[in-house]
Structure formats: C-alpha cells, structure tokens
Amino acid sequence: MRRNPRGDNVPHRLTTTLALALGIVLGLTATGCGNPASQTSGVTLRLGYLTRITHASALVAIEKGFFSGNLGADVDLSVQPFSRGTDEVTALLAGRLDAAYVGPNPAVNAWQKSGGAIKIISGSATGGTSLVVKPGIATAQDLRGKTVADPALGGTQDVSLRHWLAEHGLQTNTQGGGDVSIKPTTPESAYLQLFQTNQIAGALVSAPYDVELLQAGGTRLWSDPGTITVLVVRQQFLDAHPDAVRGLLRGQVAADDLIHHDRDGAAQVANAALAKALGKGLEPDLVTASFQETVFTNDPNMASLNDQAGKAVALGLLEPLSLQGIFDSRLLNEVLRASGKPEVPE
C-alpha cells in the first residue's frame, strides 16, 4: 500500500467546464480510449479522506489494513489526506481520485456538476459536529456583529451554519459580510489559535476540532445531527472495477465492526493514522471525546442528504436538483448481506 503524506494543493474553486474537461481527459488517458477496462488486475485505487475523527472509518481501515486486505493482491491502494472536502471533490472531478470520504454537500455538488459522474456508495458518519462559541454567548443573536469560522465555503459545515443562522434571523453572505461574518479557515488546526486570540467568536467544525475548542473553554451552542461523512466513487471506476469497490466496502464494514465492538481500541488506531498523516497524533482524551459524539454507520441517511441539499439550494449555494440516483446501494447491500448484517435503504 502506498501512502501520500501530503494533502492536495488544488484551487478552492474550479469551474464546471474545467473540472469535466480534466475528468474526461484524464479518464481517456488512463484507459487508452473511451472504454474503461473491465478487469481488476493491475488497478490502483486512489482514495481520499479528511484528517478528522468523523472520517474514522477510513482512518481505522487504512491503519489496520482492512482496505488493502480486502482489495486483493491485484489492487494497489493509494491514500491521500485532505483538509477540505471541497478540495477532494475537485480532485475527483479532475480524475486524480477514484473514491473519497467526503461531506455530503461537496458530494452533492460534485454529483450535480459532473452530471452524475460520481455516486455515493455508503454512509460513514453522522453527528460529530458542533458550533462552539466563546463563554457568554448563549443565543444565536449574541453572534450578531461577530466572526464565526468554518472549513470552506459551500462545505457541509458552511451550509449548516448559514442555514442555522438564517433560521434565527441572521443573514450572511459569501463575501464574509452580513449580520454574522463567516470566515472559511484552513487548516482546521488553526481554529484553536484564532479562538484563543479572540479573532473568532466560535466555529462550526467537526471532531476533533470542536472538542478542542470545548477543552479550551468554549461552550457548545448547537450540534448538527445530520450526515457528516459519506463514501463516494467515480462512476467510471465503479463500472470498470466493481470488485475493487466491493473490497473497499468490505474494508469499511470491518472498520465499523471494530469501532462498534472496541471503541477505545479503534480510537487509538484512528489516532495512529492521524499521526502518520499530520506528523503527530492527538491527545488521547481529545480522541475519546470525539468518538463519543460521532455515530459511525454504513447508512448515508437519504433523508438527511435531501435536507442538507435543500438548505444549500435555499441559500443559493446549489442549483435546484433531485437526488434521485445519487446513492447506489447495490454493492454495499451485497457486502452487508454476505456479512449477515441488515441492508441499508435506498
């Protein structure tokens, strides 16, 4: 298994035309023609993930070898950490990734922009995301005139934050103005310093970074219970190499089994994976608390995905759309049946 220690340094925004053109060009280059190979032999599966505890299914499967062990000897796994889901989907659309653990809003955006060239094939996590604010801020109205951070414009946390503020009568705009200024910030490790130096009043961020702010004296103003991580794959790769995708899903199911049966042990494994990706691990109590607030599940929860897509449309961050066909449950349910586990609904 090959490991790429650094995240991808790609532009935050990429036009639809360029993304599709790059995907087509790279797809044709990889296959030598317009028709993808139908055999798994000699395949490299390029997998992206975020360096967050809400991506622990990926972290555990990578560190324990559950992915590589289930892919088979003929499939080479190349993993790449990212700090933003928007950068992951840019890499997917450009043909530099075959599959990725990513937030639902970037996944939906990529599905819409690509005309269905990517599919959600499994859920991964729900919850694990909180709006943590300075002591003394007790209501949404207390945020008026203040700055709040989140990972990226149009990302899952960004959409949730803007919608939550709008529900409380607070307007925002994509230039950082409005009643509350939203500050897209990367890397997420920067939140703590911004919080401690009073450059932000709070942040809507996922574990472990929300827990880090809580441990620094912040208070939890609101928690987002929705889907936070899904597994997506390029349709071209899925069509050409279904056995490799089955192996990927078997690896995730094995990782989730470990998480459910030995949460403390799985937390240590996930932290070891983060240490390799980031250069150092997290404090054990930070990892433990992050696991406690996150639910790891193979079900992407289509009701939550539709709800989050609707929020993005209402905010003008996504064109109106139907999510019919975005989730392909066939291989996941095949793997779950073989494991004696209940299937997930469409």
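Side notes on the structure shown:
- Being farther than 30 Å from Gly325 by Cα and at pLDDT below 95 holds for only one residue in Ser189, Ser181, and it is Ser189.
- Residues being touching a strand residue (DSSP E or B) at 6+ places or on another chain (Cβ under 9 Å) and without any contact (Cβ under 8 Å) to a residue 12 or more places away in the chain are entirely absent from the stretch 107-119.
- Failed item, numbered, when Gly217 is tested on (1) closer than 24 Å to Val132 by Cβ; (2) touching a helix residue (DSSP H, G or I) at 6+ places or on another chain (Cβ under 8 Å): (2)
- Residue under evaluation Phe237, criteria (1) of a type in the set (A, V, I, L, M, F, W, C); (2) open to solvent by less than 20 Å² (accessible area, probe 1.4 Å); (3) outside the structural domain of Thr186 (by the TED database); (4) outside any helix (DSSP H, G or I), criterion not met: (4)
- Lone qualifier among Gly265, Gly279, Gly251 - being small (Gly, Ala, Ser), at pLDDT below 95 and assigned by the TED database to the domain that holds Leu93: Gly279
- Residues satisfying the stated conditions in the stretch 134-163, i.e. touching a strand residue (DSSP E or B) at 6+ places or on another chain (Cβ under 6 Å) and closer than 18 Å to Pro225 by Cα: Asp150, Gln157, Asp158, Ser160, Leu161, Arg162
- Conditions (1) closer than 23 Å to Gly72 by Cα; (2) of a type in the set (S, T, N, Q); (3) in the same structural domain as Gly155 (by the TED database); number of the one not met by Thr186: (1)
- Within the stretch 336-346, considering residues that are small (Gly, Ala, Ser) and free of Cβ contacts under 8 Å to residues at least 24 places away in the same chain, the one least open to solvent (accessible area, probe 1.4 Å): Gly340
- Candidate set from the stretch 85-109 (those that are assigned to a loop (DSSP other than H, G, I, E, B) and of a type in the set (D, E, K, R)); member that is least open to solvent (accessible area, probe 1.4 Å): Asp98
- The requirement of being surrounded by 14 or more Cβ atoms within 10 Å (Cβ to Cβ) and either over 21 Å from the mean Cα position of the chain (by Cα) or within 16 Å of Ile53 (Cβ to Cβ) (or both) is satisfied by Ala140.
- Residue check, Val269 among the β-branched types (Val, Ile, Thr) and touching a helix residue (DSSP H, G or I) at 6+ places or on another chain (Cβ under 8 Å): yes
The values are calculated or read from the model by the stated rules, or taken from the named source; none is laboratory data. Being a predicted model, the structure only gives us computed values, none of them experimental. Virtual Cβ from ideal backbone geometry, glycine too; neighbours counted across all protein chains shown. Ligands, DNA and RNA are excluded from the accessible area calculation, which covers all protein heavy atoms including side chains. Shrake-Rupley method; radii C 1.70, N 1.55, O 1.52, S 1.80 Å.
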